[in-house]
Amino acid sequence: MTPVILADLDDTIFTTLKSYPDRDPKTLQRVTTAKNGNHSYMCSHRQALLAWLSSGATLLPVTARSLDAFNRVHLDSFREGAIVSNGAMILAPDGSEDLAWSEAIAKKCEKAAATLARAIEELEKAPINIRIHQHMHKGIMLGMTVKSNDETQLGVDLNLRTAEKLFKESFQFSDVQVHRNGNNLAFVPGGVSKKSAVQYLLSIREDLQNRPTVGAGDSLADLPFMELCSMMLVPNNTQNSKKLFS
Ligand SMILES: [Mg+2]
């Protein structure tokens, strides 16, 4: 009986060059293509950890990445299916979409659509230097990600804190949840979560049942799905490790 490892990707399995300030990128393995050139990399230690995690277990990504961004991850370790867009979409091992799950999620996304559209208008008017990535799928917005164009610590703090505050002040009692971690402000329709997608996946995939589970993630937003698992893996120097040790 081998474990099932449910793992977040960004800042858990791989990271951008911010984690390797003194390293020549040529000494790292580039593992994603980012549209703005801020790609993700793995050092030899992370490569060894991923090889170990995927060799004796079933490894399933549970990521905030949209399907498009997930398809720009160049690793062949993920062949068992995936949860993408913060739980809004589930992929089978052959890459096909779970249509029953998507249909249920579409109803939740439709409820949040007006709020997300108004949030985009407000954010685009605000004096902040951000870019907005809408997770569109078959004409439905599954959520969106806001990033600071100024990627210095100061710039990220200022732009994303302002964007989050603006949203929370404008949309109290909202049908959209917001999570901030590093240069990533995620807007997720109410009722959509990594946790609910993991629960559903474990209930329908017989090959994953009655096996020990490990949840891995760097972000506070990962904790609810990690809590479903028998054991947790937390990368050091992350939101979750700081929560544990500060
Ligand atoms: Mg992460």
*What about Phe14, is it within 14 Å of the ligand (Cβ to nearest atom), farther than 22 Å from Phe187 by Cβ and crowded, with 20+ Cβ neighbours inside 10 Å?*
yes
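Take the residues of region 175-186 that are among the hydrophobic types (A, V, I, L, M, F, W, C) and within 16 Å of the ligand (Cβ to nearest atom): which is farthest from Ile13 (Cα to Cα)?
Val178
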*asked:* Quick check on this structure: which one of Ala88, Ala112 is of a type in the set (A, V, I, L, M, F, W, C), within 19 Å of Ile132 (Cα to Cα) and not assigned by TED's automatic domain parsing to the domain that holds Asp218?
replied: Ala112
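Could you tell me whether region 196-212 includes any residue that is more than 25 Å from Lys111 (Cβ to Cβ) and at pLDDT below 95?
Restricting attention to region 196-212, the residues satisfying the condition of being more than 25 Å from Lys111 (Cβ to Cβ) are 202, 205-212.
Remaining after also requiring at pLDDT below 95: none.
Within region 196-212, not a single residue is more than 25 Å from Lys111 (Cβ to Cβ) and at pLDDT below 95.
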*Residue within region 131-138 that is more than 16 Å from the ligand (Cβ to nearest atom), within 22 Å of Met89 (Cα to Cα), at pLDDT below 95 and assigned to a loop (DSSP other than H, G, I, E, B) present*: yes
*assigned by TED's automatic domain parsing to the domain that holds Glu206, within 16 Å of the chain's Cα centre (by Cα) and crowded, with 20+ Cβ neighbours inside 10 Å: does that describe Ala34?*
no
*Being more than 16 Å from the ligand (Cβ to nearest atom) and under 13 Å from the mean Cα position of the chain (by Cα) is the filter here, so list the residues in region 188-234 that pass it.*
Val192
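Taking strands (runs of 3 or more DSSP E) that do not extend beyond region 1-92, which have at least 2 residues that are at pLDDT below 95 and more than 28 Å from Ala106 (Cα to Cα)? It would help to see each step written out before you state the result.
Details: elements: 4-7, 40-42, 58-61, 82-84, 89-91.
Answer list for region 1-92: none.
Please indicate, with yes or no, whether at least one residue in region 43-54 is over 20 Å from Ser219 (Cα atoms) and touching a residue at least 60 places away in the same chain (Cβ under 8 Å).
From region 43-54, those over 20 Å from Ser219 (Cα atoms) are 43-45, 47-48, 51-52, 54; that's our starting set.
From what's left, touching a residue at least 60 places away in the same chain (Cβ under 8 Å): none.
No, because not a single residue in region 43-54 is over 20 Å from Ser219 (Cα atoms) and touching a residue at least 60 places away in the same chain (Cβ under 8 Å).
Is it the case that some residue within region 195-207 is under 24 Å from Gly81 (Cα atoms), touching a Cys at 6+ places or on another chain (Cβ under 6 Å) and surrounded by 18 or more Cβ atoms within 10 Å (Cβ to Cβ)? Break it down into steps so the answer makes sense when it comes.
First, the residues of region 195-207 that are under 24 Å from Gly81 (Cα atoms): 195-207.
Retained after the next criterion (residues that are touching a Cys at 6+ places or on another chain (Cβ under 6 Å)): none.
Looking through region 195-207, none of the residues is under 24 Å from Gly81 (Cα atoms), touching a Cys at 6+ places or on another chain (Cβ under 6 Å) and surrounded by 18 or more Cβ atoms within 10 Å (Cβ to Cβ).
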*Mind counting the residues in region 145-168 that are under 21 Å from the mean Cα position of the chain (by Cα) and among the hydrophobic types (A, V, I, L, M, F, W, C)?*
5
_All but one of (1) among the charged types (D, E, K, R); (2) over 13 Å from the mean Cα position of the chain (by Cα); (3) more than 15 Å from the ligand (Cβ to nearest atom) hold for Arg46; state the number of the condition that does not hold._
(3)
*Which of the residues belonging to region 162-212 are free of Cβ contacts under 8 Å to residues at least 60 places away in the same chain and charged (D, E, K, R)?*
Glu164, Lys165, Lys168, Glu169, Arg180, Glu206
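The values are calculated or read from the model by the stated rules, or taken from the named source; none is laboratory data. Note that the coordinates shown come from a computational prediction; the quantities given were computed from them, not determined experimentally. Backbone-built Cβ (ideal geometry, glycine too); neighbour counts: all protein chains shown.
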